[in-house]
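Take a look at the following structure, please.
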Amino acid sequence: MAVPVLQLEGSLDQTMIPADVATELRCYLKVRAAAALGPATKALVANICLVLDCSGSMAGEKAEAAIEAAKRIVDIVDERHRISLVGFALSSRVIVDNAQATPAGRDTIKAKVDRLRKMLGGNTFLGSGIRSGADQVQRFVADVRILVVLSDGAADDKSEALAQALRARDLGIQLFAVGIGDDYEADHLRKLVTPSSGAVLAPSHLDQLAATFGELVARVESFVATNAQLVVTLGERVRARHLYRTLPQSAFIGDVSAATPREVDIRVGNVERDQTHAFLLAMVVPPHVDPALEVARATLTFDVPALGLRAQHQEIALHVARGVDARAGNAEISGAYRSAQIARLVDELAEAQRNNAKDECLDRIDLLIRLSEEQGDDRTLASYEQLRDAIASDRAIAQKALNELVIASTEHRPTTADASGVIKQLYDVVLVAPGDAPILLLRALREATGKSLRELNELIAMTPVAIREALPRREAEALVAQIGASGTGAVLKVRKR
């Protein structure tokens, strides 16, 4: 039997949930690609556009490295693909227009690349560059459309840059971002690439830039499936909350609580051979009486251009049973969720630091320290503790340091199950009644859970609801005592799983 090109897998962090309270579930979806395809009927055709920063700060060695990297792509890209080049500063300009790098034409294309030097100077209107690049790759038929954005600084209009990245996603374009130097904002680049399931790349030295561009071309050549899309249809009264990507890079995709009608769309994009894309959807399941409940149904569609296959389809359903489960939660899902939370918090920390919001920075750092302790990551924990001391002392934090934290947080750190195989009795902390001091309650729950105010308000509205799950008994009882001592008047209980 032939191995499927893509395989959709799904699991939940709990297989049984109580019937009498609302419960937060985490749905983990994986899209696995085959290591190889059968005999191809045609070669995949890509339309690639390089979108290069030509602002004044690029002048000198950074511009020269970018030009040489662009020429590297011209040298190695197959002539069946089309390549464009857009430069942006105060405005954007098309330098190379959908050229095919034939052996006879490569030198002509590289001569055009040299014209980038004449554009150097001015600001960083990244949104204009992304829009022009997206327009370029739409002009000719292709199996995949790729934008590669390179910048050394912050976009002058971040909201416009994000709007153009979302437009590119809606056009079926995958966006990759390359940051060079010390002053680009890695967290903003991650926001730009996440909607299209792209990636942020950060070569540590300018002399590695050409190799980074070469690796991107190799990735395009390894695509086995394109235009992959997941649609998650939620069960009756099940509410979506947040969506994260956990593989191949961790990122917070966004708040999906407004999903209508009970559907969450997830852009998987282009999938390389032997690669796994994974997504984690946090949802809340209401009290229910059914012995088994379908909480979600996931549908995957994708194309396989090399085999001439279009609109391939897979579907899986995810169920939970009514009752209590004494087993520990799914270790893989817990680890993936923790890694995704770290990525989200690091982005929020970087933004708060730029806004000089000291209290918000310290809040995010404290949460990151707690998550790192849970992960057992001593090296990262030490970095966060040093950063906390610097912020508390009002010392300036260099953008380079923030970028290093962001790039490090893209790495998913898997958690393995307890090798002893011993099943430990665990407990949930249930908020039975919210009391009469909502502000104090929010403050106490924020400190105890690390959840955002919006998340907590949603949970409180669904009382009775589990606010922390799968804890050792002593930790669960301590949490009830901690919140009870905060003067909220809330009623909580410890429930055996």
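For the stretch 206-284, divide the Cα radius of gyration by the Kirkwood radius and give the resulting Rg/Rh value with two decimals.
Details: Rg = 16.1 Å, Rh = 14.5 Å.
In the stretch 206-284, Rg relative to Rh is 1.11.
Find which of Ala461, Leu8, Ala154 sits farthest along the positive direction of the dipole of the chain, computed with +1 on the beta-carbon of Lys and Arg, -1 on that of Asp and Glu, about the Cα centre.
Sorting the options by dipole projection puts first Leu8.
Rounded to the nearest 0.05, what FRET efficiency do Ala19 and Ala390 give with R0 = 56 Å and r taken as the Cβ-Cβ distance? Could you check? Before the final figure, lay out the partial values.
Details: r = 49 Å, r/R0 = 0.87.
For Ala19 and Ala390, the calculated efficiency is 0.70.
Relative contact order (percent) for the chain, with alpha-carbon contacts under 8 angstrom and 6 or more residues of separation?
16
Give a residue-ordered list of calculated ³J(HN,Hα) values for the stretch 262-279 (Karplus: 6.51 cos²θ - 1.76 cosθ + 1.60, θ = phi - 60°; whole Hz; x for Gly, Pro).
6, 10, 10, 8, 10, 7, 8, x, 9, 10, 7, 4, 6, 10, 10, 9, 9, 9
For Val491, enumerate residues with amide H under 5 Å from its amide H, sequence gap 5+ or separate chain, H modeled in the peptide plane.
Val432, Ala433, Gly435
Sorted by mean Cβ packing within 10 Å, highest first, what order do the peptides 215-225, 189-199 take?
Order by mean packing, descending: 189-199, 215-225.
Can you run phi through the Karplus equation (6.51, -1.76, 1.60; θ = phi - 60°) for the stretch 230-235 and list ³J(HN,Hα) in whole Hz, with x for Gly and Pro?
So the J values, rounded to whole Hz, are 10, 10, 9, 9, 7, x.
Still on this structure, please answer the following. For an R0 of 56 angstrom, estimate the FRET efficiency from the Cβ-Cβ distance between Ala321 and Asp107 and round to the nearest 0.05.
Numbers: r = 67 Å, r/R0 = 1.19.
With R0 = 56 Å, the Cβ-Cβ based efficiency is 0.25.
Which ³J(HN,Hα) values, rounded to whole Hz and listed in residue order, are derived for the stretch 95-104 from phi using the Karplus coefficients 6.51, -1.76 and 1.60 in 6.51 cos²θ - 1.76 cosθ + 1.60 with θ = phi - 60°, glycine and proline given as x?
9, 10, 10, 6, 7, 10, 7, 6, x, 6
Quick one: net charge of Gln275's neighbours, Cβ under 10 Å, K/R +1, D/E -1?
In short, +1.
Just to verify a number: FRET efficiency for Phe140 and Ala163, C-beta to C-beta distance, R0 = 30 Å, to 0.05?
Values: r = 24 Å, r/R0 = 0.82.
That gives a FRET efficiency of 0.75.
Using the Cα centre of the stretch 304-376 as origin and beta-carbon charges of +1 (Lys, Arg) and -1 (Asp, Glu), tell me which of Ser372, Ala306, Ile333 is placed farthest towards the positive end of the dipole.
Going by the Cα projections, it comes out as Ala306.
Note the listed values (i) 24.4, 79; (ii) 25.8, 94; (iii) 22.6, 66, then indicate which one is Rg and Dmax of the Cα atoms in Å calculated from this particular structure.
So the calculated entry is the one marked (i).
Just add up the charged neighbours of Asn123: K/R +1, D/E -1, any other residue whose Cβ is under 12 Å from the Cβ of Asn123. List each step's numbers first, then the result.
On the way: positive: none; negative: Asp53, Asp156, Asp157.
Once all neighbours under 12 Å are counted, the net charge is -3.
Could you sort 234-246, 374-386 so that the peptide with the highest average Cβ count within 10 Å comes first and the rest follow in order?
234-246, 374-386
Could I have the simple spin-label model distance between Gln100 and Thr41, label points 7 Å from Cα toward Cβ, reported in nm to one decimal?
2.2
Calculate what fraction, in whole %, of the accessible area of the stretch 45-152 sits on carbon and sulfur atoms when a 1.4 Å probe is rolled over the protein chains.
Whole-percent figure for carbon plus sulfur exposure: 46.
Do any of Lys62/Lys110; Lys30/Lys191; Lys42/Lys112; Lys30/Lys158 go past 23 Å between their Cα atoms, and which?
Lys42/Lys112; Lys30/Lys158
I want to check the label-to-label distance for Leu440 and Val491. Put each point 7 Å from Cα in the C-beta direction and report it in nm to one decimal.
In this crude spin-label approximation the distance works out to 1.7 nm.
Counting only protein heavy atoms, what percent of the accessible surface of the stretch 158-261 is carbon or sulfur at a 1.4 Å probe?
After summing per-atom areas, the C and S share lands at 53 percent.
Taking amide hydrogens as modeled 1.01 Å from N in the peptide plane, which residues meet the under 5 Å criterion relative to Ser197, leaving out close sequence neighbours?
none
Between Val51 and residues 5 or more places away or on another chain, which pairs have amide H atoms under 5 Å apart, with H built 1.01 Å from N, and which residues are they?
Under 5 Å from the amide H of Val51: Val86, Val148, Val149, Leu150.
How large is the dipole of the chain about the Cα centre if only Lys and Arg carry +1 and Asp and Glu carry -1, each at its Cβ, rounded to the nearest 20 debye?
That gives the chain a dipole magnitude of about 820 debye.
If packing is taken as the average count of other Cβ atoms within 10 Å, what order do 101-108, 338-345, 249-256, 124-131 fall into, highest mean first?
124-131, 338-345, 249-256, 101-108
Can you compute the modelled spin-label distance between Ala398 and Leu171, with each label point 7 Å from Cα toward Cβ, in nm?
Placing both labels 7 Å beyond Cα along the Cβ direction yields 3.8 nm.
With a 1.4 Å probe and all protein chains left in place, how much accessible area per residue does the chain have, in Å²?
Accessible area per residue, the chain: 42 Å².
Count charges around Val86 for me, please; just the other residues with Cβ under 11 Å from its Cβ, Lys/Arg as +1, Asp/Glu as -1. Display every interim value, and only then the final one.
Working: positive: Arg93, Arg131; negative: Asp53, Asp97, Asp135.
The answer is -1.
The values are calculated or read from the model by the stated rules, or taken from the named source; none is laboratory data. The structure presented is a predicted model; accordingly, all values stated were derived computationally and were not measured. In this analysis, Cβ positions are derived from the backbone assuming ideal geometry, glycine residues included, and neighbour counts consider all displayed protein chains. The area values use the complete protein model at the heavy-atom level, side chains included, leaving out ligands, DNA and RNA. Shrake-Rupley method; radii C 1.70, N 1.55, O 1.52, S 1.80 Å.
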